[in-house]
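Read-outs: derived from the displayed coordinates by stated rules, not from any lab. Computed from a prediction, not measured in an experiment: that's the story for all the values here. Cβ: placed from backbone, ideal geometry, glycine included. Neighbour counts: every protein chain shown.
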Amino acid sequence: MKADSNPEPQVGAPRDRILRAAEHLFAVKGLHGAGLREIAREADVNVNLITYYFRTKEELYLQVYQVRSLQINGLREKLLEQLDLKYSPASPPVAEILRAFVHPFFDLKAKSPDVWTNVVHSYMREIGTDVWRTINESSLQPAVRRFTTVLHRSLPSAQRSDIVFILGMAAYSSLIGAAPSDPALIDDGLPRNLPLAEIEDKLVLALTAAAHALS
């Protein structure tokens, strides 16, 4: 991936500038490839200010991802609340629950494509590492547990472990599905010209069929 300059202007509070610069450079170079001095230079701050706000580079990386995780999971929770208001006391349809889980990925890509690219690339670069496991434990797993409970009400005969598997598929498929033009994440066998909304619809349809097959 080409190391372009950060598309976001470095304005605002120093801590916010550090987070934006780190988000960009972690995506381009990875956790270990991006140096604190380089992050400080892009954020236009003294390098000592980074260690003032964040004890280690790993802590900075996790904080960068937590900001976006709160954004994604916050929208998920809002969508679940809307479903509850719409269908209570009945359980929402499986398709709408799954859409509430995957839509925030597509929403972020549509509204902030540069941010989405940074989030996905920084995540994919660290697969299998300790920080990747920490991200999953602190950000993804709570969302999976929440949606597993909601889905189980709509699929009472399904095993919870099978629902967790479906949600894991949903999370990964959302990352790939929202990247139809990103050669760093997909191969030439996947569609590149479909609108995001159509990709989301196809993904929800496939996940819904898989979920109903569990019961």
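Taking the beta-carbon count within 10 Å as an exposure proxy, list 76, 153, 146 from fewest neighbours to most.
Final ranking by Cβ density, sparse to dense: 153, 146, 76.
Return the Rg/Rh ratio of the chain with Cα-based radii and a Kirkwood Rh.
Result: Rg/Rh = 1.01.
Indicate the helices, whole DSSP H runs only, in the chain that combine a mean Kyte-Doolittle hydropathy of -1.0 or more with a Cα extent along their long axis of 30 angstrom or more.
Sorted by number, the helices that extend far enough and score high enough are 57-87.
For the chain, calculate the relative contact order in percent as a whole number, restricting contacts to Cα pairs under 8 Å that are 6 or more residues apart.
21 percent
Sum up the charges of everything whose Cβ sits under 9 Å from the Cβ of residue 103, counting Lys and Arg as +1 and Asp and Glu as -1, but leave residue 103 out.
With Lys, Arg at +1 and Asp, Glu at -1, the neighbours total 0.
Looking at the chain as a GNM with Cα springs under 10 Å, which of 20, 99, 55 has the largest mean-square fluctuation?
Largest GNM mean-square fluctuation: 55.
Just how far, in whole angstrom, is region 15-82 from region 138-152 if you go by their alpha carbon centroids?
First find each Cα centre; the distance between them is then 24 Å.
Sort 112, 154 so the one with the fewest other Cβ atoms within 10 Å of its own Cβ comes first.
In order of increasing Cβ crowding within 10 Å: 112, 154.
Per the Cauchy relation, a quarter of the hull surface: what is the mean projected area of the convex hull of the alpha carbons in region 76-135, in nm²?
5.3 nm²
Test of understanding: ordering 212, 24, 121 by Cβ neighbours within 10 Å, fewest first, what list do you get?
By the 10 Å Cβ count, ascending, the order reads 212, 121, 24.
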